[in-house]
Amino acid sequence: MPAAAPVRGPLLMVLAMAGFALEDTFIKKLTVSLPVGQVLILFGLGGMLAFALIGRAQGQTLRHPAATSTPMLLRGVCEVTGRLGYTLAIALTPLSSASAILQATPLVVAAGAVVFFGEYVGPRRWLAIGAGFLGVLLILRPGLDGFTPASLFAVIGTLGFAGRDLATRAAPVSMTNAQLGLYGFLMMVIAGIIALAFSGGAALPSLGQMGFLALAVLFGVVGYNSLTRAMRSGDIALVAPFRYTRLIFAMVIGMTVFAERPDTLTLIGSAIIVASGLYTLFRSHRRASG
C-alpha cells in the first residue's frame, strides 16, 4: 500500500532495535554462567548457520569474491573489536549504561568520515559531536567515585562498531544481506576464540542455556535483517533517528529484568548523546538535500 511506504522503514528500524535489545538481554543472561568467549563462539556459529540457510534458500552463493578485500578485512577487524568490547560491557556493567554509550556510534562515524572520506562537517555538527562525547563522559565519570573501569569496554565496542560502519561504506554493494550477515557472525566466532584463549573455563551448556542461546540468535538475525532492510527502504533521514529506540528498549529491559536503576548522571548523559545524534543526523540530511 503506497500510504504505508513512509512508515515501513521506521517500523523496520524499531523492530531491529527491539531485536538487538533482546539479543543483548539473553547474551547478558548467558554470560552469568558461561565465559564471554564461549557465548560469542556459540552465538556466532548459530548466526552463521541461520544466514547460511537463508542464503541457500534464496539461491545465493555463500562466498563473495570480495570477501577478502581490504575493506572487508578492515570491517572484520573492527567487528571483532566491537563485538568483544560490547559483549564484555553488557556482561560486566548495567545493560542500560552500555547501551547508552553505544548510541555515540553515529557521532564517531561522523567524525571518522571526515578523516577517511574527506566529508565536510560544519562547526555546528562538531559542537553536537563534542556534546555527545561529553554525554559519554557523564556516564563514565572518569576520576569520580561512580567510575566503573569495565565501562571502558563499551567505549571500545563503540569505536569498533563505528570502524565497522565506516568500512562497510567501502564494501561492494553486490554483497547480499545473507553474505554480510554470515561474515559478521564469523567475526563473532573469532572474537570468542580470542576471549576464550585468555579466560578459559568453557563448559557444556545446559538445555536452559541452549534455549537462551537460540533466542539470542533468533533476535540477532531478526535485528540484523530488519536493520538492513530499513536502511535500504528509502529515506535514510527518516529511518536513521529510530536507531535510538534501542536505548529505550534497553532501559526498560534493564529496569524490569535486571533491576537496574540508572542514576541522574546516566540519564542526563543518555539524553545528551541522543539529542546530539539526532541533531547530527538532521544537519547531515539538510546539507545533503541542498
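FYI, it's all coordinate maths here, none of it is from the lab. A quick note: this is a predicted structure, and the numbers were derived from the prediction, not measured. Here the Cβ positions follow ideal geometry from the backbone for every residue, glycine too, while neighbour counts run over all protein chains shown.
DSSP loop trypsin sites (Lys or Arg not before Pro) in region 1-101 with at most 13 other Cβ atoms within 10 Å of their Cβ, which ones?
Taking region 1-101 and a limit of 13 other Cβ atoms within 10 Å, the loop trypsin sites (Lys or Arg not before Pro) found are R63.
From the P(r) of region 3-98, could you give the percentage of C-alpha pairs in the tail past 21 Å?
Roughly 52 percent, rounded to a whole number.
Which of (1) 6, 27, 32, 21, 11, 3, 0; (2) 7, 23, 21, 15, 12, 9, 7, 4, 2, 0; (3) 7, 27, 37, 23, 5, 0 is the computed P(r) over Cα pairs in 10 Å bins from 0, in percent for the structure on display?
Of the labelled values, this structure produces (3).
For the chain, what's the relative contact order in percent, using C-alpha pairs closer than 8 Å and at least 6 residues apart?
43 percent
Calculate the length of the line joining the C-alpha centroid of region 31-80 to that of region 119-192, in whole Å.
18 Å
Compute from the Cα atoms of region 60-106 the Rg and the Dmax, the latter being the longest Cα-Cα distance, and quote both in angstrom.
Here Rg and the maximum Cα pair distance are 14.6, 41 Å.
What number comes out for the charge environment of V36, summing +1 per Lys or Arg and -1 per Asp or Glu over other residues with Cβ under 12 Å away?
Values: positive: K28, R83; negative: none.
Result for the neighbourhood of V36: +2.
Using the Kyte-Doolittle scale, find the helices of the chain whose mean hydropathy is at least 1.0 and whose Cα atoms extend 30 Å or more along the helix's long axis, counting only whole DSSP H runs.
Membrane-span-like by this rule: 36-57, 177-199, 207-231.
Within the chain, what's the longest stretch lacking chymotrypsin sites (Phe, Trp or Tyr not before Pro) that sit in DSSP loops with no more than 15 other Cβ atoms inside 10 Å?
Between exposed loop sites, the widest span is 1-119.
Taking neighbour Cβ counts within 10 Å as the exposure measure, how do V239, V222, V115 sort from fewest upward?
Going from sparsest to densest Cβ surroundings: V115, V222, V239.
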